[in-house]
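The values are calculated or read from the model by the stated rules, or taken from the named source; none is laboratory data. Note that the structure is a prediction, hence the values are computed from the model and not measured. For neighbour counting, all protein chains shown are included, and Cβ atoms are generated from backbone atoms with ideal geometry for every residue, glycine included. Quick note on the areas: whole protein, heavy atoms, side chains included, nothing else; ligands and nucleic acids left out. Shrake-Rupley method; radii C 1.70, N 1.55, O 1.52, S 1.80 Å.
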Amino acid sequence: MNIFRLAGDMTHLASVLVLLLKIHTIKSCAGVSLKTQELYALVFVTRYLDIFTDFISLYNTVMKLIFLGSSFSIVWYIRQHRIVRRSYDRDQDTFRHHFLLAPCLVLALIFNEKFTFKEVMWSFSLFLEAVAILPQLVLLQRTRNIDNLTGQYVFLLGAYRGLYILNWIYRYFTEPHYIHWTPWIAGIVQTLLYGDFFYYYFHSWKNNQKLQIPA
């Protein structure tokens, strides 16, 4: 554990809490992509297959439970909550997210550290996480006007991955033989996808304007 890893974890946790705060208190999921949330739920399920078999630390187990529980809670809210589901814009959230699954699985079958079910699923979760934000970014472009909490949620998600890249750089120079190409490449791709959003996010913050992303 280092400061970049801890900051990344806390930023990731903050993104989830911001989204849950929006949904639970305002009773609205306007501007939130159900497709992205379903992909994240699948990411955590396939990544944390070892949660009940391999104990690493209490911190590690608690964080896994939080991300699993929160991802399924968000999906439930959007799909089932009698008030929240009314604000879901299914007409705009039309990204065909299931088309992302097969390419990620193929990449996982080719690029993995060991050809076992758990390791292939772990690699699959990395590739899927890299592109899971796409439905959300497309939805933001279509809706144009973005409320503060949704904007902060997406910003924190992007910042979390950026901090993890700093964590990898730090470990590369401080730990011998620390080379893991699969998470590195997936993480860089994931961060690059946020580039356009970051530009308009900082532009709106600098000029004290409402966040808008051109279509």
Kindly evaluate I179 against the criterion of being open to solvent by less than 20 Å² (accessible area, probe 1.4 Å) and over 17 Å from the mean Cα position of the chain (by Cα). no
So which residues in the stretch 180-213 are over 22 Å from L6 (Cβ atoms), without any contact (Cβ under 8 Å) to a residue 60 or more places away in the chain and aliphatic (A, V, I, L, M), if there are any at all? I185, V189, L192
Filter result for K114 (of a type in the set (D, E, K, R), outside any helix (DSSP H, G or I) and within 24 Å of D93 (Cα to Cα)): no
Identify the single condition in (1) aromatic (F, W, Y); (2) surrounded by fewer than 18 Cβ atoms within 10 Å (Cβ to Cβ); (3) in contact (Cβ under 8 Å) with a residue 12 or more places away in the chain that F4 does not satisfy, given that it satisfies every other one. (2)
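To keep it simple, each residue is scored yes or no on (1) closer than 25 Å to Q212 by Cα; (2) modelled with pLDDT of 95 or more; (3) in contact with a Lys or Arg (Cβ under 8 Å, 6 or more places away or on another chain).
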residue	(1), (2), (3)
L6	no, yes, no
S15	yes, yes, no
Q37	yes, yes, no
V106	no, yes, no
K114	no, no, no
Within the bounds of the stretch 48-57, is there any residue that is more than 20 Å from A186 (Cα to Cα) and either among the basic types (K, R) or at pLDDT 95 or above (or both)? no
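Rundown of residues vs (1) open to solvent by 30 Å² or more (accessible area, probe 1.4 Å); (2) under 13 Å from the mean Cα position of the chain (by Cα); (3) of a type in the set (S, T, N, Q), yes/no style:
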position	(1), (2), (3)
F115	yes, no, no
V120	no, no, no
L126	no, yes, no
Q136	no, yes, yes
L140	no, no, no
R144	yes, no, no
F155	yes, yes, no
Can you spot a residue in the stretch 51-64 that is among the polar types (S, T, N, Q), in contact (Cβ under 8 Å) with a residue 24 or more places away in the chain and either in contact with a His (Cβ under 7 Å, 6 or more places away or on another chain) or not in a loop (DSSP other than H, G, I, E, B) (or both)? no
Of all residues in the stretch 68-99, which are surrounded by fewer than 20 Cβ atoms within 10 Å (Cβ to Cβ), part of a helix (DSSP H, G or I) and hydrophobic (A, V, I, L, M, F, W, C)? L68, F72, V75, W76, F99
